[in-house]
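Following: one structure in structure tokens, then a few remarks.
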Amino acid sequence: MASGAIWWIRRDMRLDDNPAAQRAMRAAAMIPLYVHSPSEEGAWPLGGAQKWWLARGLKVFAASLAANGSRLVVLEGEHAKVIVDLARSVGATEVCWTRRLDPAGMAQEHRVEEALDKAGISWSSSLSNHLVEPDDIVTQTGNPYQVYTPFAKNLRARGKPSPPKPSQPKPSPSKSVRLDVLPSVTGAPAGVAIATLGLEPSRNWADGFQAMWTPGEAGAQQRLALFAESGLAHYPSGRDEPAADGSSLLAPHLAFGEIGIRRIWHAAANSKSAPPESIDKFHAELLWREFATHVLFHFKHTDLKPLRADYAKFPWRDDRAALVAWQRGRTGYPLVDAGMRQLWQTGWMHNRVRMVAASFLVKHLLLPWQDGARWFWDTLVDADLANNSLGWQWAAGCGADAAPYFRIFNPTMQAEKFDGEAAYIKRWVPELAGLPAKHAISPWNAPLLWRDSAPLTLGEAYPPPIVDHVFARQRALAALTSVSRSAAK
């Protein structure tokens with residue numbers, strides 16, 4: 001395999017706008033390699049929903065490579081050993097990959113870099129899943145950002161991200177490059193079958209995923225085109241309405257690198273149907289993702305511990321029954337329950353409802369934000385460690401740019417404001433489908449005539465609220481006061 005390269009595939013299962021792939025393609029022969037090593041994912045091995053996506057994403061990506069004259073090689077074991085052994089056995093002179101910025105991903109790379117250096121094998125890494133290096137953007141005092149707005153302002157001031165690059169290198173004068181043919185795979189082992197990696201769920205809880213998602217690069221491109229052409233125009237309002245089709249639904253494709261962030265940024269910027277304010281709002285969400293990565297990169301403990309040290313003494317409750325009720329969508333608060341059931345059935349939850357559901361867990365139930373983070377990590381197809389950690393600490397009031405703890409979402413008022421016709425609630429909580437909207441939003445206020453009639457007995461009886469809102473709010477504020485007093489001592 002003279003002048004051969006290994007493309008170590010990580011969270012970049014795409015050919016489009018992929019510098020690591022483009023560099024490897026310059027070689028006469030290239031081996032696309034995926035290494036399955038759950039033990040090297042640290043405290044956060046892939047959750048069940050992510051495994052479901054990965055199983056299908058790998059199959060789709062393998063088919064895409066095969067259609068382009070290449071072959072995906074899947075191996076198991078420790079990354080450093082597998083990669084070095086493969087490079088030596090086939091005579092590869094270089095290994096190329098896309099960097100990960102989460103703690104486990106960076107630790108993997110460090111071990112691989114050391115092993116390759118020791119073996120005398122060249123390597124190169126690139127950052128194509130993010131817009132900026134986390135340590136390349138700092139405050140005026142040279143410190144990491146902990147507030148989103150100045151972070152985003154700094155990043156915007158740098159101008160537009162560079163445009164995405166085509167799938168393959170430009171033809172050289174001496175060699176034409178066909179877009180449908182990748183460099184050959186020479187001397188590579190057969191590898192293991194994707195089906196043997198243990199990614200499929202042990203029970204059919206993910207049946208609803210198939211109807212909603214199309215894992216793979218082509219699915220990502222189709223989703224982006226549809227959103228840029230139609231959904232983006234109504235994004236500022238649609239993103240807050242759970243019943244509306246206002247979200248891009250690109251997050252899982254981004255999480256697995258099936259599409260590049262620069263491709264998404266420029267597709268939105270070039271939309272012919274969306275007004276500037278819609279484009280700007282969507283770009284702000286992409287910058288929030290950058291901010292989340294920035295925070296976790298600089299404060300690596302925030303996946304498990306609060307950024308604000310005083311919250312380490314927060315008087316969280318231990319209530320298994322309440323946690324299970326929240327997980328299963330049986331809290332008695334329809335908007336919260338609708339979101340949790342949507343999550344269980346589709347692997348995704350509307351962003352507005354995520355905030356309400358998260359606030360309910362940590363403030364109404366006083367259960368640790370880490371419990372919520374673990375549940376979302378296991379059930380979200382778009383689970384991203386930085387986003388998940390920042391989002392939950394935001395809800396709990398203990399992280400970067402966090403919502404004040406005294407800001408406690410009222411689930412009923414949130415439903416009235418953003419799901420006034422109860423369309424979202426009725427879809428995911430069918431027990432309430434026969435009620436008028438105002439009663440579906442707060443069934444405990446429904447007249448007995450409605451509560452005792454057929455609409456509420458179509459399915460299993462809907463539970464009463466597991467905690468009173470006024471009581472829960474007062475209890476949460478009292479807990480906050482105790483933390484503040486402790487910190488002041």
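Got a sec? Which of R262, R320 is free of Cβ contacts under 8 Å to residues at least 12 places away in the same chain and either touching a Ser or Thr at 6+ places or on another chain (Cβ under 7 Å) or more than 22 Å from D384 (Cα to Cα) (or both)?
Being free of Cβ contacts under 8 Å to residues at least 12 places away in the same chain and either touching a Ser or Thr at 6+ places or on another chain (Cβ under 7 Å) or more than 22 Å from D384 (Cα to Cα) (or both) holds for just one of R262, R320, which is R320.
Among the residues of the stretch 355-369 satisfying the criterion of being assigned to a helix (DSSP H, G or I) and touching a Lys or Arg at 6+ places or on another chain (Cβ under 9 Å), which is surrounded by the fewest Cβ atoms within 10 Å (Cβ to Cβ)?
The qualifying residue surrounded by the fewest Cβ atoms within 10 Å (Cβ to Cβ) is S359.
Can you report the number of residues in the stretch 301-315 which are under 26 Å from the mean Cα position of the chain (by Cα) and acidic (D, E)?
Total satisfying the criteria: 1.
Just one of G459, G420 is surrounded by fewer than 17 Cβ atoms within 10 Å (Cβ to Cβ), in a loop (DSSP other than H, G, I, E, B) and at pLDDT below 90; which is it?
G459
For a quick check of your reading: which helices (runs of 4 or more DSSP H) sit entirely within the stretch 175-261 and have at least 1 residues that are acidic (D, E) and either assigned by TED's automatic domain parsing to the domain that holds D17 or within 18 Å of N68 (Cβ to Cβ) (or both)?
The qualifying helices (runs of 4 or more DSSP H) are 217-229.
I'm told D310 meets every condition in (1) outside any loop (DSSP other than H, G, I, E, B); (2) at pLDDT 95 or above; (3) of a type outside the set (K, R) except one. Can you identify the failing condition by its number?
Result: D310 passes all but (2).
I'm told W7 meets every condition in (1) touching a Pro at 6+ places or on another chain (Cβ under 8 Å); (2) modelled with pLDDT under 95 except one. Can you identify the failing condition by its number?
(2)
Under 6 Å between Cβ atoms, at least 6 apart or on separate chains: pull out the pairs that start in the stretch 194-223 with a residue that is farther than 18 Å from V74 by Cα and without any contact (Cβ under 8 Å) to a residue 60 or more places away in the chain and end on any residue that is among the aromatic types (F, W, Y) and surrounded by 20 or more Cβ atoms within 10 Å (Cβ to Cβ).
Close Cβ pairs (under 6 Å, with a partner that is among the aromatic types (F, W, Y) and surrounded by 20 or more Cβ atoms within 10 Å (Cβ to Cβ)) do not exist here.
Check whether at least one residue in the stretch 250-273 is touching a Cys at 6+ places or on another chain (Cβ under 7 Å), farther than 30 Å from T98 by Cα and either basic (K, R) or modelled with pLDDT of 95 or more (or both), and report yes or no.
no
F314 versus (1) farther than 21 Å from A255 by Cβ; (2) hydrophobic (A, V, I, L, M, F, W, C); (3) surrounded by fewer than 16 Cβ atoms within 10 Å (Cβ to Cβ): which is the lone unmet condition?
For F314, the exception is condition (3).
Please work out which residue is surrounded by the fewest Cβ atoms within 10 Å (Cβ to Cβ), limiting yourself to the stretch 370-402 and to residues that are assigned to a helix (DSSP H, G or I) and of a type in the set (D, E, K, R).
Within the stretch 370-402, the match that is surrounded by the fewest Cβ atoms within 10 Å (Cβ to Cβ) is D378.
Could you grab me the full set of residues in the stretch 82-120 that are part of a helix (DSSP H, G or I), farther than 20 Å from A292 by Cβ and of a type in the set (D, E)?
D85, E113, E114, D117
List every residue pair whose Cβ atoms sit under 7 Å apart, with the two residues 6 or more apart in sequence or on different chains, where the first one lies in the stretch 286-297 and is closer than 15 Å to R100 by Cβ and the second, anywhere, is among the hydroxyl-bearing types (S, T, Y).
H294/Y145; L296/T302; L296/S389
Given the options L361, L367, L380, L335, name the one that is farther than 23 Å from D468 by Cβ, among the hydrophobic types (A, V, I, L, M, F, W, C) and either at pLDDT 95 or above or not assigned by TED's automatic domain parsing to the domain that holds W316 (or both).
Values: L361 fails: farther than 23 Å from D468 by Cβ; L367 fails: farther than 23 Å from D468 by Cβ; L335 fails: farther than 23 Å from D468 by Cβ.
After ruling out the rest, the residue left standing is L380.
From the list A5, A43, A66, A24, which residue is of a type in the set (A, V, I, L, M) and within 28 Å of M349 (Cβ to Cβ)?
A43
The values are calculated or read from the model by the stated rules, or taken from the named source; none is laboratory data. Just so it is clear, the structure is predicted and the values come from calculations on it, not from any experiment. We place every Cβ from the backbone using ideal geometry, glycine too, and count neighbours over all the protein chains shown.
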